[in-house]
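Scroll down for the structure; my scribbles are underneath it.
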Amino acid sequence: MQLRDALNDYKHHRHDATAFPGECRSTTGHFSGRDGRLVHVESDGSLSDYGYPLTGLNGLERSRFGLRVDGDIVWFDHCRTVSQEYYDDTGLVVTEHDTHLGTVTQFDLTLGDAHVTYFDCDGLEPASVEVVAFVGFAPDSQDTRIGQLHHDDAIEVFHTDEHDFVGSTTGFAEIQGQVAAKYGEILDDEPVDLPRPISNGRYEEARLSGNLVAFLPVEDGAATLTTLLTDSDEVSRGDALDQLDALASSYTSAAALEDAAAEQVDVSVPGDHPYAEAMAADIRVLSLLSGRTGLRIAGPDFDPFYAYSGGYGYTWFRDDAEISLFLLESAAEYDLDLDAWHDQSAAAYRDTQRDDGSWPHRVWPHDGSLAPGWANGRLEAGDDVDYQADQTGSVIAFLGTYADATADDEDAPDVTGTLESALDSLDDTLEDDGRPEICQNAWEDMTGRFTHTAATFLEAYATLATADPVDDDLTAHAGDRAHEVYEAIDDLWVPETGIYALREYTDDEEGAVLDGRCDSATLAVVAAHRTYDRLEPVDDERLDRLVSHVETITEALWREPSEGVKGLIRYEGDGWRTRDQHDEKIWSVSTAWGAHAAASLAALLADHDDDRADEFAAKARDLLDLVLPGGPLCMDTSYLPEQVFDDGTPDSATPLGWPHALRLATVALMDEYDILEPRRAVADQ
């Protein structure tokens with residue numbers, strides 16, 4: 001998203017109660033992408049690229065499609081969208097437009113760094129119709145100092161390294177460049193409606209812009225637009241034009257796109273599983289958000305100017321490693337062919353580890369290089385308070401589990417040295433009392449000594465202590481540390497409310513104080529204790545405290561603000577991104593975390609022959625239903641947005657990878673313990 005677009009959106013939404021003005025939202029529409037670009041197909045069929053973090057190529061910033069008949073243009077965004085959905089379980093997006101001339105069906109599929117848009121115009125009256133495409137590129141993330149080259153059958157838009165190409169199966173009846181918004185338009189109170197009416201402006205203005213309007217002849221009832229993003233250092237102009245020609249000749253029908261989309265799906269979930277729809281959606285979302293390195297963005301970046309957040313188009317090692325672990329566990333339960341994903345993740349964590357054994361706050365997923373962040377205390381001079389120690393714990397938990405699972409696989413990346421160094425780093429941030437030092441929390445909005453951080457340490461140490469073929473000395477050391485953390489976690493117990501505190505912090509007058517607010521991140525203690533239970537049985541008193549904790553946290557954070565809207569908030573007193581809303585917002589991550597924690601507790605209790613397991617299995621089912629298709633937090637697109645307002649309006653990163661992985665892992669865990677039931681309608685609960 002470029003500044004002109006952000007300012008234009010600001011004019012549209014500055015008085016909106018639930019939309020943050022100036023953002024590039026993805027809360028409507030569908031994404032297509034795999035092994036390259038991430039292309040958003042809005043519900044009106046317009047396209048934009050979100051894949052810069054995954055490829056280093058920026059691509060499309062704005063677009064608009066429609067029809068021209070006898071010189072008159074009707075845009076699809078002025079028409080009714082009949083439907084938009086994925087073709088089967090693939091990444092092919094199918095959009096139906098109801099125009100005054102008849103129905104146009106639009107098919108969109110991303111193929112690596114290319115994207116194909118096929119328009120089925122068969123049956124339109126009159127037949128002499130043209131497809132009009134307005135597309136605006138920002139190569140190298142620039143919207144000025146851009147040039148165009150008009151080839152015989154293609155347009156090339158470039159800045160320096162990035163060269164973007166546009167082609168058409170039926171050629172172009174007409175092509176016209178368009179300059180970006182001018183100063184007066186930017187400063188005007190009213191938004192700019194692009195593209196402008198075609199005029200006879202100066203030649204150089206039309207050629208010095210990323211915007212162009214192209215008219216595509218409709219032949220045999222169809223037209224196809226192709227776009228291709230390239231790095232000129234890697235792909236020559238000739239090769240790019242050849243590739244564009246190949247795309248134009250290969251994808252001349254909906255059937256061809258359907259076949260290509262089906263070939264992209266190399267991981268199939270059990271088709272007869274009652275939760276197959278959700279599982280397939282989770283796999284698709286996590287594939288969409290993955291770069292070629294195997295690292296993932298947290299979600300599509302809707303706020304690149306950091307107007308209301310710190311951005312989402314980066315790899316956090318907490319989110320990414322937990323997703324990797326959930327995928328590993330789910331693959332084992334359902335025999336999913338995700339070995340290549342696991343191997344990529346392990347290699348990526350090995351390659352991005354710092355010399356001190358930790359991982360930085362955020363990296364760019366397309367190459368693993370350091371990305372902008374605010375928690376890089378271990379890279380900077382001074383103390384390490386601005387550091388998120390739980391990230392190292394989460395990576396260790398995955399790598400330890402991965403090393404154990406691939407013990408007999410000679411081709412798997414060797415992560416032994418990575419684990420040894422990471423263990424040293426974890427020890428460096430563990431205080432003498434057995435709890436992690438003061439650092440930033442998982443939500444990245446406060447500092448202290450957090451229950452969630454302690455839980456990730458417990459899981460990391462316990463995983464290493466029980467992993468094979470990790471070095472015996474390392475295993476023994478990790479086991480000792482796991483016992484220390486296990487005992488120390490009770491220092492965070494709040495007996496008055498029966499929960500583990502959000503954190504311990506230092507008050508100038510009272511000294512160390514427990515923050516007794518309920519926090520969904522503290523639910524991580526349950527999965528950590530299940531892992532510890534493999535090392536040494538969890539004692540009865542701790543089981544009772546875990547039961548009390550999950551009961552109290554899920555009840556205290558429960559919100560049902562309006563009819564059909566319900567779930568868990570992030571933590572008590574959370575005021576982030578509330579806009580005009582006075583109370584905390586419901587989060588899909590927190591709700592899915594509640595389901596996973598309840599399922600984990602049911603499993604742990606079952607392993608101890610504790611009758612309370614049935615109670616938490618039922619709680620897990622109730623919370624899981626809220627994030628399943630048909631539930632209030634799952635959109636019709638199959639996506640889980642990070643948050644929703646009280647009226648159900650989705651907000652923030654959409655789709656967010658973390659809750660999708662949590663949902664997948666929760667289904668797998670409940671299946672393992674046979675506590676899933678046939679899907680129930682949420683309205684019947």
**Item:** Two-site label geometry, Glu85 and Arg292: point separation in nm, points 7 Å out along Cα→Cβ
**Value:** 3.5 nm
**Asked** Can you work out the base-10 log of I(q)/I(0) for the stretch 3-264 at q = 0.16 1/Å, using the Debye formula on its C-alpha atoms alone?
**Response** -1.30
**Residue-by-residue Karplus 3J(HN,Hα) for the stretch 228-237, coefficients 6.51, -1.76, 1.60, Hz, glycine and proline x** = 9, 9, 9, 9, 5, 6, 10, 10, 6, 4
**Complete:** Note, Trp593: beta-carbon cut-off 11 Å, +1 each Lys/Arg, -1 each Asp/Glu, net 0
**Request:** Have a look at Ile396, His342, His150 and report the one farthest towards the positive end of the charge dipole of the chain, computed about the Cα centre with Cβ charges (Lys/Arg +1, Asp/Glu -1).
**Result:** His150
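Find, among the GluC sites (Glu not before Pro) in the stretch 420-522, those assigned to loop by DSSP (not H, G, I, E, B) with at most 13 other beta-carbon atoms within 10 angstrom.
Glu431, Glu496, Glu509, Glu510
Sort 638-646, 309-317 by packing, meaning the average of other beta carbons within 10 Å per residue, with the highest value first.
638-646, 309-317
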**Message:** Quick check: residue separation of Asp607 and Ser128 times 0.36 nm, minus the Cα distance between them. What number comes out in nm?
**Reply:** 165.4 nm
**Request:** Could you grab the relative contact order for the stretch 3-264? Cα pairs under 8 Å, six or more apart, rounded to a whole percent.
**Result:** 19 percent
**Message:** Cross-link candidates for Lys619: which lysines have Cα within less than 16 Å, leaving aside residues fewer than 8 places away along the same chain?
**Reply:** Lys566
**Request:** Would you work out the charge dipole size for the chain about its Cα centre, treating the Cβ of every Lys and Arg as +1 and the Cβ of every Asp and Glu as -1, and quote it to the nearest 20 debye?
**Result:** 2460 debye
**Asked** Once both labels are modelled 7 Å past Cα along the beta-carbon direction, what's the Asp259-Val385 spacing in nm?
**Response** 6.3 nm
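Of all chymotrypsin sites (Phe, Trp or Tyr not before Pro) in the stretch 164-251, which ones are in loop regions per DSSP and have a Cβ with at most 15 other Cβ atoms within 10 Å?
Within the stretch 164-251, no chymotrypsin sites (Phe, Trp or Tyr not before Pro) qualify (loop, at most 15 other Cβ atoms within 10 Å).
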**Request:** For Ala276 paired with Glu496, estimate the spin-label separation in nm (one decimal), with each label point 7 Å from Cα along the Cα-to-Cβ line.
**Result:** 5.3 nm
**Message:** For the chain, take N as its residue count and report Rg(C-alpha) divided by 2.2 N^0.38 Å.
**Reply:** 0.99
**Fill in**
A chain fully extended from Arg559 to Glu219 at 0.36 nm per residue, minus the present Cα-Cα distance, gains in nm 117.0 nm
**Message:** Below 8 Å, C-alpha to C-alpha, sequence gap of six or more: please give me the relative contact order for the stretch 604-685 in percent.
**Reply:** 23 percent
**Request:** Rounded to the nearest 500, what is the 222 nm mean residue ellipticity of the chain from helices alone, with -39500 (n - 2.57) per DSSP H run of 4+ residues and division by all residues?
**Result:** -11000 deg cm²/dmol
**Message:** Using DSSP to call loops (not H, G, I, E or B), can you name the GluC sites (Glu not before Pro) in the stretch 530-607 whose Cβ has at most 10 other Cβ atoms within 10 angstrom?
**Reply:** Glu563
**Asked** How large is the charge dipole for the stretch 3-264, taken about the Cα centre, if only the Cβ atoms of Lys, Arg (+1) and Asp, Glu (-1) carry charge, to the nearest 20 debye?
**Response** 820 debye
**Asked** Using Cα atoms only, what is the angle between the long axis of helix 524-535 and the major principal axis of the chain, expressed in degrees (0 to 90) to the nearest 10?
**Response** 60 degrees
**Asked** Roughly how many whole Å is it from the C-alpha centroid of the stretch 606-685 to that of the stretch 264-292?
**Response** 16 Å
**Spatial separation of Cα centroids for the stretch 1-79 and the stretch 345-403, in angstrom** = 32 Å
**Fill in**
So the angle from the long Cα axis of helix 317-334 to the longest Cα principal axis of the chain, reported in degrees to the nearest 10, equals 80 degrees
**Asked** With contacts defined as alpha carbon pairs under 8 Å and 6 or more residues apart, what's the relative contact order of the chain in percent?
**Response** 11 percent
**Prompt:** Whose amide H sits under 5 Å from the amide H of Gly567, counting only residues 5 or more places off or on another chain, with H placed in the peptide plane?
**Reply:** Arg559
**Asked** Counting Lys and Arg as +1 and Asp and Glu as -1, what is the net charge of the other residues whose Cβ lies under 14 Å from the Cβ of Val192?
**Response** -3
**Prompt:** Taking Cα atoms, how many degrees apart are the long axis of helix 339-352 and the longest axis of the chain, rounded to 10 and kept between 0 and 90?
**Reply:** 80 degrees
**Item:** Phi-based couplings in Hz for the stretch 412-424 (Karplus 6.51, -1.76, 1.60; Gly and Pro marked x)
**Value:** 6, x, 7, 10, 4, x, 4, 5, 4, 5, 5, 4, 4
**Message:** What is the sum of charges, Lys and Arg at +1 and Asp and Glu at -1, for the other residues whose Cβ falls under 13 Å from the Cβ of Ser249?
**Reply:** -3
**Prompt:** Short version: ³J(HN,Hα) in whole Hz for each residue of the stretch 303-313, in order, from phi by Karplus 6.51 cos²θ - 1.76 cosθ + 1.60 (θ = phi - 60°), x for Gly and Pro, what are they?
**Reply:** 9, x, 8, 6, 5, 10, 7, x, x, 10, x
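FYI, it's all coordinate maths here, none of it is from the lab. Please read all numbers here as calculations on a predicted model, not as lab measurements. Positions of Cβ are backbone-derived with ideal geometry, glycine not excepted, and every protein chain shown enters the neighbour counts.
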